[in-house]
Amino acid sequence: MTLQDEFRSSVVVVGASRGIGRAIAKVAAREHNVVVLVARSPEGLAAAALDVEQAGGKAFTLELDLLAADASARLEAFLAAKELICGVLVNSAGYGLRGPAAALPVNDQLGIIDLNIRALTDMTLRFLPGMLARGRGGVINLGSIAGFFPGPYMALYYASKGFVRSFSDALHQEVSRAGVTVTCVSPGPVSTEFLERSGADRAALFKILPKLDADYVAERAWSGFKSGRRRVVPGISAKLITLVAALLPTAIILPLIGRLQRRRKDS
Ligand SMILES: NC(=O)c1ccc[n+]([C@@H]2O[C@H](COP(=O)([O-])OP(=O)(O)OC[C@H]3O[C@@H](n4cnc5c(N)ncnc54)[C@H](OP(=O)(O)O)[C@@H]3O)[C@@H](O)[C@H]2O)c1
(Lines give C-alpha, C1' and ligand atoms only; values in the text may rest on other atoms or scores of the structure.)
Protein backbone atom coordinates (compact mmCIF):
# COMPACT_ATOMS: atom_id res chain seq x y z
CA MET A 1 0.00 0.00 0.00
CA THR A 2 1.40 3.38 -0.94
CA LEU A 3 1.54 6.14 1.65
CA GLN A 4 0.30 8.57 -0.98
CA ASP A 5 -3.17 9.92 -0.07
CA GLU A 6 -5.76 12.50 -0.98
CA PHE A 7 -3.80 15.34 0.68
CA ARG A 8 -1.03 14.88 -1.88
CA SER A 9 1.17 13.40 0.73
CA SER A 10 4.93 13.37 0.30
CA VAL A 11 7.93 11.57 1.74
CA VAL A 12 10.33 14.28 2.90
CA VAL A 13 13.96 13.12 3.10
CA VAL A 14 16.23 15.48 4.99
CA GLY A 15 19.86 14.73 4.11
CA ALA A 16 18.96 13.32 0.70
CA SER A 17 21.88 14.43 -1.48
CA ARG A 18 23.96 11.31 -0.80
CA GLY A 19 24.41 8.28 1.44
CA ILE A 20 21.61 6.62 3.39
CA GLY A 21 19.08 9.44 2.83
CA ARG A 22 19.46 9.25 -0.92
CA ALA A 23 19.08 5.46 -0.78
CA ILE A 24 15.88 5.71 1.31
CA ALA A 25 14.48 8.26 -1.16
CA LYS A 26 15.00 5.73 -3.94
CA VAL A 27 13.21 2.97 -2.02
CA ALA A 28 10.27 5.27 -1.24
CA ALA A 29 10.08 6.28 -4.90
CA ARG A 30 9.51 2.69 -5.98
CA GLU A 31 6.02 2.99 -4.44
CA HIS A 32 5.33 5.99 -6.70
CA ASN A 33 5.51 8.44 -3.83
CA VAL A 34 6.12 12.16 -4.17
CA VAL A 35 9.58 12.56 -2.62
CA VAL A 36 10.90 15.91 -1.37
CA LEU A 37 14.69 15.90 -1.27
CA VAL A 38 16.38 18.29 1.15
CA ALA A 39 20.11 19.07 1.56
CA ARG A 40 22.64 21.81 0.69
CA SER A 41 24.40 20.44 -2.39
CA PRO A 42 22.55 21.25 -5.65
CA GLU A 43 24.52 18.62 -7.57
CA GLY A 44 23.74 15.92 -5.01
CA LEU A 45 20.06 16.90 -4.98
CA ALA A 46 19.86 16.79 -8.79
CA ALA A 47 21.40 13.31 -8.83
CA ALA A 48 19.02 12.12 -6.09
CA ALA A 49 16.05 13.56 -8.00
CA LEU A 50 17.09 11.57 -11.07
CA ASP A 51 17.22 8.40 -8.91
CA VAL A 52 13.71 9.11 -7.63
CA GLU A 53 12.23 9.73 -11.07
CA GLN A 54 13.91 6.61 -12.49
CA ALA A 55 12.53 4.55 -9.59
CA GLY A 56 8.97 5.68 -10.38
CA GLY A 57 8.50 8.59 -7.98
CA LYS A 58 7.98 12.33 -8.41
CA ALA A 59 10.84 14.45 -7.06
CA PHE A 60 11.01 17.95 -5.63
CA THR A 61 14.29 19.39 -4.36
CA LEU A 62 14.97 22.05 -1.76
CA GLU A 63 18.43 23.46 -1.07
CA LEU A 64 18.45 24.08 2.63
CA ASP A 65 21.08 24.45 5.35
CA LEU A 66 19.62 22.75 8.40
CA LEU A 67 21.81 24.84 10.65
CA ALA A 68 19.71 27.90 9.76
CA ALA A 69 17.34 28.73 12.62
CA ASP A 70 14.32 28.89 10.30
CA ALA A 71 15.11 25.67 8.37
CA SER A 72 11.95 23.74 9.33
CA ALA A 73 9.74 26.79 8.70
CA ARG A 74 11.28 27.17 5.25
CA LEU A 75 10.66 23.51 4.49
CA GLU A 76 7.05 23.84 5.62
CA ALA A 77 6.58 26.92 3.41
CA PHE A 78 8.12 25.07 0.46
CA LEU A 79 5.69 22.17 0.92
CA ALA A 80 2.73 24.55 1.19
CA ALA A 81 3.78 26.31 -2.03
CA LYS A 82 3.81 22.94 -3.82
CA GLU A 83 0.50 21.92 -2.21
CA LEU A 84 2.16 19.05 -0.41
CA ILE A 85 2.04 17.76 3.11
CA CYS A 86 4.72 15.80 4.93
CA GLY A 87 3.27 12.30 5.23
CA VAL A 88 6.59 10.66 6.09
CA LEU A 89 9.67 12.46 7.39
CA VAL A 90 13.12 10.90 7.10
CA ASN A 91 15.78 12.60 9.22
CA SER A 92 19.06 11.38 7.73
CA ALA A 93 21.29 14.47 7.90
CA GLY A 94 24.05 14.06 10.43
CA TYR A 95 27.78 14.24 10.96
CA GLY A 96 30.39 13.19 13.45
CA LEU A 97 33.95 14.04 14.43
CA ARG A 98 36.61 11.73 15.78
CA GLY A 99 39.24 12.87 18.24
CA PRO A 100 39.58 13.88 21.89
CA ALA A 101 36.69 16.19 22.83
CA ALA A 102 39.02 18.62 24.56
CA ALA A 103 41.14 18.99 21.40
CA LEU A 104 38.50 19.14 18.63
CA PRO A 105 37.20 22.61 17.66
CA VAL A 106 34.36 23.51 20.02
CA ASN A 107 32.15 25.07 17.33
CA ASP A 108 32.42 21.99 15.13
CA GLN A 109 31.37 19.84 18.08
CA LEU A 110 28.46 22.16 18.89
CA GLY A 111 27.47 21.80 15.22
CA ILE A 112 26.88 18.09 15.87
CA ILE A 113 24.31 19.05 18.49
CA ASP A 114 22.77 21.61 16.14
CA LEU A 115 22.41 19.15 13.25
CA ASN A 116 22.02 15.68 14.80
CA ILE A 117 19.84 16.83 17.69
CA ARG A 118 18.34 20.30 17.21
CA ALA A 119 17.48 20.13 13.51
CA LEU A 120 16.15 16.55 13.80
CA THR A 121 13.98 17.54 16.76
CA ASP A 122 12.73 20.71 15.08
CA MET A 123 11.74 18.85 11.90
CA THR A 124 10.08 16.05 13.86
CA LEU A 125 8.04 18.33 16.10
CA ARG A 126 7.00 20.56 13.19
CA PHE A 127 5.49 17.72 11.14
CA LEU A 128 4.35 15.21 13.78
CA PRO A 129 1.15 17.08 14.77
CA GLY A 130 -0.14 16.95 11.17
CA MET A 131 0.55 13.21 11.01
CA LEU A 132 -1.34 12.71 14.27
CA ALA A 133 -4.28 14.75 13.02
CA ARG A 134 -4.44 12.56 9.90
CA GLY A 135 -3.79 9.34 11.88
CA ARG A 136 -1.13 8.03 9.54
CA GLY A 137 2.46 8.37 8.35
CA GLY A 138 5.42 8.90 10.61
CA VAL A 139 9.10 9.61 11.07
CA ILE A 140 12.26 7.63 10.34
CA ASN A 141 15.17 8.93 12.40
CA LEU A 142 18.73 7.85 11.64
CA GLY A 143 20.39 6.82 14.85
CA SER A 144 23.41 4.52 15.03
CA ILE A 145 24.81 1.66 17.07
CA ALA A 146 26.76 4.57 18.60
CA GLY A 147 23.50 5.48 20.34
CA PHE A 148 23.69 2.41 22.57
CA PHE A 149 26.79 3.38 24.62
CA PRO A 150 29.16 6.29 25.28
CA GLY A 151 31.98 6.74 22.73
CA PRO A 152 35.30 8.11 23.92
CA TYR A 153 37.12 9.96 21.08
CA MET A 154 33.80 10.53 19.34
CA ALA A 155 31.99 11.73 22.43
CA LEU A 156 29.61 14.27 20.87
CA TYR A 157 28.58 11.98 18.03
CA TYR A 158 27.76 9.03 20.30
CA ALA A 159 25.91 11.29 22.73
CA SER A 160 23.89 12.80 19.87
CA LYS A 161 22.86 9.34 18.68
CA GLY A 162 21.93 8.39 22.25
CA PHE A 163 19.55 11.34 22.15
CA VAL A 164 18.09 10.22 18.82
CA ARG A 165 17.45 6.74 20.19
CA SER A 166 15.85 7.94 23.43
CA PHE A 167 13.77 10.66 21.75
CA SER A 168 12.54 8.33 18.99
CA ASP A 169 11.68 5.50 21.40
CA ALA A 170 9.65 7.85 23.58
CA LEU A 171 7.81 9.36 20.61
CA HIS A 172 7.05 5.90 19.26
CA GLN A 173 5.31 5.07 22.52
CA GLU A 174 3.39 8.36 22.50
CA VAL A 175 2.06 8.18 18.93
CA SER A 176 1.81 4.54 17.84
CA ARG A 177 -1.77 4.12 19.09
CA ALA A 178 -2.79 7.07 16.92
CA GLY A 179 -1.71 5.23 13.77
CA VAL A 180 1.62 7.08 13.45
CA THR A 181 5.01 5.35 13.52
CA VAL A 182 8.35 6.71 14.74
CA THR A 183 11.20 4.37 13.82
CA CYS A 184 14.81 4.75 14.86
CA VAL A 185 17.24 3.11 12.42
CA SER A 186 20.58 2.24 14.05
CA PRO A 187 23.18 0.85 11.66
CA GLY A 188 26.85 0.08 12.25
CA PRO A 189 29.33 1.38 9.66
CA VAL A 190 27.78 2.04 6.25
CA SER A 191 29.83 2.68 3.09
CA THR A 192 29.13 6.39 2.63
CA GLU A 193 31.16 9.60 2.72
CA PHE A 194 30.23 9.91 6.40
CA LEU A 195 33.03 7.55 7.47
CA GLU A 196 35.81 9.55 5.83
CA ARG A 197 34.36 12.96 6.64
CA SER A 198 34.06 12.11 10.34
CA GLY A 199 37.46 10.41 10.52
CA ALA A 200 35.72 7.26 11.81
CA ASP A 201 37.25 5.22 8.98
CA ARG A 202 40.68 5.60 10.59
CA ALA A 203 39.58 4.12 13.93
CA ALA A 204 40.27 0.45 14.64
CA LEU A 205 36.60 -0.04 15.59
CA PHE A 206 35.40 0.88 12.12
CA LYS A 207 38.12 -1.18 10.44
CA ILE A 208 37.04 -4.29 12.35
CA LEU A 209 33.31 -4.02 11.71
CA PRO A 210 31.90 -5.01 8.30
CA LYS A 211 30.51 -2.09 6.32
CA LEU A 212 26.93 -2.27 5.14
CA ASP A 213 25.69 -1.02 1.82
CA ALA A 214 23.48 2.11 1.97
CA ASP A 215 20.87 0.43 -0.26
CA TYR A 216 20.58 -2.49 2.17
CA VAL A 217 20.17 -0.12 5.14
CA ALA A 218 17.51 1.80 3.20
CA GLU A 219 15.53 -1.38 2.45
CA ARG A 220 15.62 -2.42 6.13
CA ALA A 221 14.69 1.09 7.26
CA TRP A 222 11.71 1.42 4.92
CA SER A 223 10.28 -2.06 5.51
CA GLY A 224 10.75 -1.73 9.29
CA PHE A 225 9.01 1.64 9.27
CA LYS A 226 6.12 0.32 7.20
CA SER A 227 5.72 -2.58 9.63
CA GLY A 228 5.38 -0.05 12.45
CA ARG A 229 8.65 -0.99 14.15
CA ARG A 230 10.16 1.14 16.89
CA ARG A 231 13.72 0.14 16.11
CA VAL A 232 15.59 -1.19 13.12
CA VAL A 233 19.17 -2.42 13.62
CA PRO A 234 20.32 -3.56 10.16
CA GLY A 235 22.86 -6.39 9.91
CA ILE A 236 23.94 -9.18 12.25
CA SER A 237 27.10 -7.52 13.58
CA ALA A 238 25.19 -4.37 14.59
CA LYS A 239 22.56 -6.53 16.34
CA LEU A 240 25.31 -8.39 18.22
CA ILE A 241 26.93 -5.14 19.31
CA THR A 242 23.70 -3.73 20.69
CA LEU A 243 23.15 -7.00 22.56
CA VAL A 244 26.65 -6.96 24.05
CA ALA A 245 26.20 -3.28 24.96
CA ALA A 246 23.06 -4.17 26.89
CA LEU A 247 24.84 -6.93 28.80
CA LEU A 248 28.22 -5.37 29.61
CA PRO A 249 28.68 -2.79 32.36
CA THR A 250 29.72 0.71 31.26
CA ALA A 251 32.99 0.30 33.20
CA ILE A 252 34.00 -2.38 30.69
CA ILE A 253 32.53 -0.78 27.58
CA LEU A 254 34.20 2.60 28.09
CA PRO A 255 37.88 1.51 27.96
CA LEU A 256 37.05 -0.98 25.20
CA ILE A 257 35.44 1.59 22.91
CA GLY A 258 38.07 4.16 23.86
CA ARG A 259 40.88 1.85 22.79
CA LEU A 260 39.17 0.83 19.56
CA GLN A 261 38.36 4.36 18.60
CA ARG A 262 41.71 6.00 19.06
CA ARG A 263 43.90 6.16 16.00
CA ARG A 264 46.10 3.08 15.77
CA LYS A 265 49.27 5.15 15.85
CA ASP A 266 48.03 6.97 18.98
CA SER A 267 47.59 3.76 20.93
N1 LIG B 1 27.66 6.01 7.32
C2 LIG B 1 27.69 5.41 8.49
O3 LIG B 1 28.61 4.62 8.80
C4 LIG B 1 26.57 5.64 9.48
C5 LIG B 1 26.40 4.69 10.51
C6 LIG B 1 25.39 4.87 11.44
C7 LIG B 1 24.56 5.99 11.34
N8 LIG B 1 24.76 6.90 10.36
C9 LIG B 1 23.88 8.07 10.35
O10 LIG B 1 23.09 8.04 9.18
C11 LIG B 1 22.80 9.37 8.75
C12 LIG B 1 23.19 9.52 7.29
O13 LIG B 1 24.57 9.26 7.20
P14 LIG B 1 25.29 9.05 5.79
O15 LIG B 1 26.27 7.97 6.00
O16 LIG B 1 24.30 8.95 4.72
O17 LIG B 1 26.08 10.44 5.71
P18 LIG B 1 26.54 11.29 4.43
O19 LIG B 1 26.78 10.40 3.27
O20 LIG B 1 27.63 12.17 4.92
O21 LIG B 1 25.23 12.17 4.10
C22 LIG B 1 24.81 13.16 5.00
C23 LIG B 1 23.65 13.92 4.39
O24 LIG B 1 23.31 14.99 5.30
C25 LIG B 1 23.27 16.22 4.57
N26 LIG B 1 23.67 17.33 5.43
C27 LIG B 1 24.77 17.42 6.21
N28 LIG B 1 24.82 18.63 6.80
C29 LIG B 1 23.72 19.32 6.39
C30 LIG B 1 23.22 20.62 6.63
N31 LIG B 1 23.85 21.48 7.45
N32 LIG B 1 22.08 21.00 6.02
C33 LIG B 1 21.43 20.16 5.17
N34 LIG B 1 21.86 18.90 4.92
C35 LIG B 1 23.00 18.49 5.51
C36 LIG B 1 24.26 16.01 3.43
O37 LIG B 1 23.95 16.87 2.35
P38 LIG B 1 24.74 18.21 1.93
O39 LIG B 1 26.17 18.05 2.35
O40 LIG B 1 24.49 18.28 0.47
O41 LIG B 1 24.03 19.29 2.69
C42 LIG B 1 23.98 14.55 3.07
O43 LIG B 1 22.86 14.49 2.21
C44 LIG B 1 23.55 10.29 9.70
O45 LIG B 1 22.66 10.76 10.69
C46 LIG B 1 24.60 9.40 10.31
O47 LIG B 1 24.97 9.83 11.59
C48 LIG B 1 25.73 6.75 9.41
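Computed quantities for the displayed model
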{"quantity": "Test: Gly96 is closer than 19 Å to Tyr158 by Cβ, buried (at least 18 other Cβ atoms within 10 Å of the Cβ) and either at pLDDT below 95 or not polar (S, T, N, Q) (or both)", "calculated": "yes"}
{"quantity": "Asn91 being crowded, with 21+ Cβ neighbours inside 10 Å and within 23 Å of Leu212 (Cα to Cα)", "calculated": "yes"}
{"quantity": "Evaluation of Tyr153 against (1) closer than 25 Å to Val27 by Cβ; (2) at pLDDT 95 or above (one fails), failing number", "calculated": "(1)"}
{"quantity": "From the options Gly57, Gly15, Gly21, residue that is buried (at least 23 other Cβ atoms within 10 Å of the Cβ) and over 20 Å from the mean Cα position of the chain (by Cα)", "calculated": "Gly57"}
{"quantity": "Residue that is nearest to Pro100 (Cα to Cα) [pool: residues in the stretch 206-216 that are modelled with pLDDT under 90 and away from the ligand (no atom under 11 Å from the Cβ)]", "calculated": "Lys207"}
{"quantity": "Val217 being among the hydrophobic types (A, V, I, L, M, F, W, C), closer than 20 Å to Ser17 by Cα and either in contact with a strand residue (DSSP E or B) (Cβ under 8 Å, 6 or more places away or on another chain) or surrounded by fewer than 16 Cβ atoms within 10 Å (Cβ to Cβ) (or both)", "calculated": "yes"}
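The values are calculated or read from the model by the stated rules, or taken from the named source; none is laboratory data. Treat the numbers as computed from the prediction; the structure is a model and nothing was measured. Note that each Cβ is placed from the backbone with ideal geometry, even for glycine, and that neighbours are counted across all protein chains shown.
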